[in-house]
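Asker: Right, I'll just put the structure down here and ask away after.
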Amino acid sequence: MDAANRNRIEASFAAQNMMQTFGASLSHVAQGEVVITAPILEGALQQQGFGHAGLTFSIGDSAAGYAALSTLPLEHEVVTAEIKINLLAPARGELLRATGRVVKPGKRLIIVTAEVHAIAQGVETLIALLQGTMVPVPA
């Protein structure tokens, strides 16, 4: 991945107020794969004390979207056309890690997935799987 594409993704991520609110950060950026981590903060808990599914979904969607963006020319951005989530386990622990990957790149549609893991005292648990479609749009 070239520096201009990496810089574009880093600048776009930095402009996302919601990711800032969650304390999320880019952990890895490569062609077709992006990793986002976020602490499970007090303000992102649901009523039973686990990380809220909204946090899980948000970082999974963003990781998948940036993975898609990494495959496109600089004059494009992406938007989510549709994405589904399977919640597999509660978000317990200190940190969530979402790994977004491109399954099938394309000019009109990009098929993506994301896995979200919760990390508690060094133990990783797969808590969600996402699959979706990103649409390239002019920047």
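The values are calculated or read from the model by the stated rules, or taken from the named source; none is laboratory data. What you are looking at is a predicted structure, and each value in this text was computed from that prediction instead of being measured. Cβ placement follows ideal geometry from the backbone for every residue including glycine, while neighbour counts extend to all protein chains displayed.
Asker: All but one of (1) surrounded by 22 or more Cβ atoms within 10 Å (Cβ to Cβ); (2) over 23 Å from Gly23 (Cα atoms); (3) more than 14 Å from the chain's Cα centre (by Cα); (4) not hydroxyl-bearing (Ser, Thr, Tyr) hold for Gly51; which doesn't?
Answerer: (2)
Asker: Taking segment 38-48 on its own, how many of its residues are in contact (Cβ under 8 Å) with a residue 24 or more places away in the chain and either over 27 Å from Ala67 (Cβ atoms) or surrounded by 19 or more Cβ atoms within 10 Å (Cβ to Cβ) (or both)?
Answerer: Residues in segment 38-48 being in contact (Cβ under 8 Å) with a residue 24 or more places away in the chain and either over 27 Å from Ala67 (Cβ atoms) or surrounded by 19 or more Cβ atoms within 10 Å (Cβ to Cβ) (or both): 3 in total.
Asker: Checking Ala68 against (1) out of contact with any helix residue (DSSP H, G or I) (no Cβ under 8 Å at 6 or more places or on another chain); (2) in a loop (DSSP other than H, G, I, E, B); (3) under 23 Å from Val135 (Cβ atoms): exactly one of these is not met. Which one?
Answerer: (2)
Asker: Turning to a different aspect of this structure: Can you tell me which residue among Leu72, Leu95, Leu88 is more than 16 Å from Ile127 (Cα to Cα) and either modelled with pLDDT of 95 or more or of a type outside the set (Val, Ile, Thr) (or both)?
Answerer: Leu72
Asker: Six or more apart or on different chains, Cβ atoms under 8 Å: show the pairs whose first residue is in segment 75-90 and within 20 Å of Phe50 (Cα to Cα) and whose second is surrounded by fewer than 14 Cβ atoms within 10 Å (Cβ to Cβ).
Answerer: Pairs that qualify, where the first residue is within 20 Å of Phe50 (Cα to Cα) and the partner is surrounded by fewer than 14 Cβ atoms within 10 Å (Cβ to Cβ), are Leu88/Leu126; Ala89/Leu126; Pro90/Gln48.
Asker: Which of the residues spanning segment 54-92 are buried (at least 21 other Cβ atoms within 10 Å of the Cβ) and of a type in the set (Asp, Glu)?
Answerer: Asp61
Listed here are the residues, each with its yes/no results for (1) surrounded by 15 or more Cβ atoms within 10 Å (Cβ to Cβ); (2) among the hydrophobic types (A, V, I, L, M, F, W, C); (3) part of a strand (DSSP E or B); (4) in contact (Cβ under 8 Å) with a residue 40 or more places away in the chain.
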| position | (1), (2), (3), (4) |
| --- | --- |
| Thr99 | yes, no, yes, yes |
| Ala114 | yes, yes, yes, yes |
| Thr125 | yes, no, yes, no |
| Thr133 | yes, no, yes, yes |
| Pro136 | yes, no, yes, yes |
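Asker: If I ask for residues that are of a type outside the set (S, T, N, Q) and over 12 Å from the mean Cα position of the chain (by Cα), which ones from segment 33-48 would you list?
Answerer: Pro39, Ile40, Leu41, Glu42, Gly43, Ala44, Leu45
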